[in-house]
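In what follows, a single structure is set out as structure tokens and then discussed.
Every read-out reported here was derived from the displayed coordinates using simple, explicitly stated rules and does not represent laboratory data. A quick note: this is a predicted structure, and the numbers were derived from the prediction, not measured. So basically every Cβ, Gly included, is an ideal-geometry build from the backbone, and we count neighbours across all protein chains shown.
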Amino acid sequence: MASFPTTVPTPTSRSYSPGTYPQTEFEAQNGVKTVIRYGKNRTSATLTLGFSNITDAQAASILSNYEAVNSIWDEVTFNGTNVIEGAASSLQTFLKEGSPLKWRYSGPPKVTSVFVGISNVSCSFVACLDSP
Amino acid sequence: MPFYSGKDGQLFIDGTQAAKVQSWSFSSSQAVLETTSLEDTDRTIVAGVRSYSGSARLFYYQASAGSGGDVTTLINKCIKAGTGAGDGTAADSSAATLKLKVIDGSANGRFITFSTLITGISMNSSVGEVLSADISFEANGAPTEVSI
């Protein structure tokens, strides 16, 4: 596992969704609903981070982290980084997740240059349940 | 003399002192980029782009009939005649180097110089008033001289 860069400041924006439980619902003609639950763990939690007006060096460190993590299909950890700062400890528990969910990049980060040496970066993650 | 008034002001257009200037002004603005993050209680910023603009009022003055003057010079910077009615491809506007100066008794005075594009000119001829022109400009890039 690789830690998200600690040199990157606290995000400007952060949105989190805890994901769903794997299940299928059947609704009979009389309206009775039957749920078949396939597992006890949530899956596909999402986390989207926005970093506004950070330095190009900080933006590059995010891209390097993306390369280092995705090139070997590794996971990203946020514990001890600025990603979860500004949130209460009870919320941080969800944001940094933990076993069995593992954060991975759901897509490449997007870097937008806005000024000399200044960039906006957005990156999104999905928490996955790996097969044993 | 620590205080200055309009009689101490001068305007230079492309290096030549303009005659019959009633007023000049300029303003500078600094754009900011917000860096406030989720754990902050107060807004934080870093510097962005700077920009400069200004205006001047000049009497429409000619040293001799038909000779044109400083207002003509400035008009010719931003208003270009076409070759005929409906001509949509007249010449591009020209840059003007404007030096805004205060005479303070020193050898060179206090001044700031911009390379500008004239963004607006208005003239109004009416009974009982001396013909004058109001111009507005925006600077292209940083001032070329700052000693004001």
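To make sure I understand, if each residue's beta carbon is the centre and we count other beta carbons within 10 Å, what order do B:126, A:52 fall in, fewest to most?
Details: B:126 7, A:52 20.
Fewest-to-most Cβ neighbours within 10 Å comes out as B:126, A:52.
Can you put B:135, A:36, B:75 in order of Cβ neighbours within 10 angstrom, beginning with the fewest? All intermediate terms of the calculation are to be shown ahead of the outcome.
Numbers: B:135 27, A:36 9, B:75 18.
Exposure proxy ranking, most exposed first: A:36, B:75, B:135.
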Requested in this report: Compute the distance in nm between two label points, each set 7 Å from the Cα along the Cα-to-Cβ direction, one at residue A:23 and one at residue B:51.
Outcome: 5.5 nm
Query - Overall Cα dimensions of chain B, principal axis frame, Å, largest first - result: 69, 53, 31
Report task. Using only Cα atoms, figure out Rg for chain A and give it as a multiple of 2.2 N^0.38 Å. Result -> 1.25
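Go ahead and run the numbers for FRET between residue A:88 and residue A:60, Cβ-Cβ distance against an R0 of 30 Å, rounding to 0.05. Each step should come with its number before you reach the end.
On the way: r = 31 Å, r/R0 = 1.03.
It comes out at approximately 0.45.
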Requested in this report: Post the alpha-carbon centroid distance, region B:71-148 to region A:3-70, in whole angstrom.
Outcome: 56 Å
Report task. Can you tell me the dipole magnitude for the protein assembly as shown around its Cα centre, using point charges on the Cβ only (Lys, Arg +1; Asp, Glu -1), in Debye to the nearest 20? Result -> 200 debye
**Report entry** Gain on full stretching of the segment that runs from residue B:127 to residue B:90 - 0.36 nm per residue minus C-alpha separation
**Finding:** 10.0 nm
Query - Unit charges at the beta carbon, dipole of region B:14-102: most positive-side option, B:66, B:56, B:93 - result: B:66
